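The values are calculated or read from the model by the stated rules, or taken from the named source; none is laboratory data. Not measured: the values here are computed from a predicted model. For neighbour counting, all protein chains shown are included, and Cβ atoms are generated from backbone atoms with ideal geometry for every residue, glycine included. Heavy atoms of the whole protein, side chains included, go into the accessibility calculation; ligands, DNA and RNA do not. Shrake-Rupley method; radii C 1.70, N 1.55, O 1.52, S 1.80 Å.
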Amino acid sequence: MNPSTNGTGRKTVGVLALQGDFREHREMLESMGHAVREIRKPGQLADIDALIVPGGESTTIARLIISNGFHGPIREFCASGKPVWGTCAGAILLAKQVDHLDRPGIEMMDISVHRNAFGRQVDSFEANLDVEGLDGGPFHALFIRAPRIDAVSFPAHAIAALEDGTIVAARQGNLLATSFHPELTGDTRLHELFLSIGRPPGVSAK
Ligand code: GLN
């Protein structure tokens, strides 16, 4: 095992590379010792252990998902049980309910998401979050024109919220959604948590 992977083992991680900040995820994953594939064609989903849908512009990524034939294949990948993580626009795309998205996203998580929910004055902000399953203290989270998770229904559950109770991260089995951007900080703990999803019981995720 590559020691720099912090116990998650070396994985081949796909990052959907249609639009948005896929390069930042790539750099973080490579710094952790993982192999990364930028995914631009549905056939590339066959060779990866996990998939990240990055931040960017959710309407644009939704359009490109449909025009590049990804809609069914990404939904099938989500159903396969392999880890899938949507960050910011990616979280919007994973949600079954979204306000103001003019075409279908991936629609696999039982969460309801409100786009650009934090207002113009605070398009970007930072907050320290306690994230369920994350050891080592609060996670310093960066929000950029972020969505808010308004509702989470079983089997999804909230794993992080702002001080006022606003939900900003949720998990549903192998699916993870965060309205912030861990790939833009130096903290790899959420990427590690993500890659430990689906690990057989009894094997430590630390
Ligand atoms: N506001 C963007 C959207 O609705 C998401 C922003 C982001 O991914 N940083 O698509």
*Lone unmet requirement of (1) part of a helix (DSSP H, G or I); (2) open to solvent by 30 Å² or more (accessible area, probe 1.4 Å) for Ile65*: (2)
*Sort out which residues of region 154-172 are touching a His at 6+ places or on another chain (Cβ under 7 Å) and under 18 Å from His114 (Cβ atoms), and write them in order of number.*
Ala170
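For Pro73, are the conditions met, namely being away from the ligand (no atom under 13 Å from the Cβ), at pLDDT below 95 and either out of contact with any strand residue (DSSP E or B) (no Cβ under 9 Å at 6 or more places or on another chain) or in a loop (DSSP other than H, G, I, E, B) (or both)?
Numbers: away from the ligand (no atom under 13 Å from the Cβ): yes; at pLDDT below 95: no; either out of contact with any strand residue (DSSP E or B) (no Cβ under 9 Å at 6 or more places or on another chain) or in a loop (DSSP other than H, G, I, E, B) (or both): yes.
It is false that Pro73 is away from the ligand (no atom under 13 Å from the Cβ), at pLDDT below 95 and either out of contact with any strand residue (DSSP E or B) (no Cβ under 9 Å at 6 or more places or on another chain) or in a loop (DSSP other than H, G, I, E, B) (or both).
Can you name every residue in region 106-118 that is away from the ligand (no atom under 12 Å from the Cβ), out of contact with any helix residue (DSSP H, G or I) (no Cβ under 8 Å at 6 or more places or on another chain) and not acidic (Asp, Glu)? Break it down into steps so the answer makes sense when it comes.
Going residue by residue through region 106-118, those that are away from the ligand (no atom under 12 Å from the Cβ) are 106-112.
Pick out the ones that are also out of contact with any helix residue (DSSP H, G or I) (no Cβ under 8 Å at 6 or more places or on another chain) and you get 110, 112.
Ser112 - this is the single residue of region 106-118 that is away from the ligand (no atom under 12 Å from the Cβ), out of contact with any helix residue (DSSP H, G or I) (no Cβ under 8 Å at 6 or more places or on another chain) and not acidic (Asp, Glu).
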*Which numbered condition trips up Glu30, out of (1) at pLDDT 95 or above; (2) crowded, with 16+ Cβ neighbours inside 10 Å?*
(2)
*Top-ranked residue of region 145-190 - restricted to ones that are in contact with a Leu (Cβ under 8 Å, 6 or more places away or on another chain) and farther than 25 Å from Gln97 by Cα, ranked as modelled with the highest pLDDT*: Arg189
*So which pairs qualify, if the first residue must be in region 14-33 and more than 16 Å from Phe180 (Cα to Cα), the second must be surrounded by 20 or more Cβ atoms within 10 Å (Cβ to Cβ) and of a type in the set (Lys, Arg), the Cβ gap must be under 6 Å, and the two must be at least 6 apart or on different chains?*
Val15/Arg26
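Of all strands (runs of 3 or more DSSP E) completely enclosed by region 8-60, which ones contain at least 1 residues that are farther than 30 Å from His114 by Cα and more than 12 Å from the ligand (Cβ to nearest atom)?
Working: elements: 12-16, 35-39, 50-53.
Counting at least 1 such residues, we get 12-16, 35-39.
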*asked:* I'd like the full set of residues that are surrounded by fewer than 19 Cβ atoms within 10 Å (Cβ to Cβ) and closer than 18 Å to Phe77 by Cβ, limited to region 38-61.
replied: Glu38, Arg40, Lys41, Pro42, Gly43, Gln44, Ala46, Asp47, Asp49
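Residue by residue, here is whether (1) assigned to a loop (DSSP other than H, G, I, E, B); (2) among the small types (Gly, Ala, Ser); (3) open to solvent by less than 50 Å² (accessible area, probe 1.4 Å) holds:
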{"residue": "Leu134", "(1), (2), (3)": "yes, no, yes"}
{"residue": "Ala146", "(1), (2), (3)": "yes, yes, yes"}
{"residue": "Ala151", "(1), (2), (3)": "no, yes, yes"}
{"residue": "Ala169", "(1), (2), (3)": "no, yes, yes"}
{"residue": "Glu192", "(1), (2), (3)": "no, no, yes"}
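A quick yes/no check of all residues on (1) among the hydroxyl-bearing types (Ser, Thr, Tyr); (2) more than 16 Å from the ligand (Cβ to nearest atom):
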{"residue": "Trp85", "(1), (2)": "no, no"}
{"residue": "Pro104", "(1), (2)": "no, no"}
{"residue": "Ala127", "(1), (2)": "no, no"}
{"residue": "Thr166", "(1), (2)": "yes, no"}
{"residue": "Ala169", "(1), (2)": "no, no"}
{"residue": "Thr188", "(1), (2)": "yes, yes"}
*Are any residues in region 90-125 open to solvent by less than 60 Å² (accessible area, probe 1.4 Å), of a type in the set (S, T, N, Q) and either part of a loop (DSSP other than H, G, I, E, B) or more than 17 Å from Ser153 (Cα to Cα) (or both), and if so, which ones?*
none
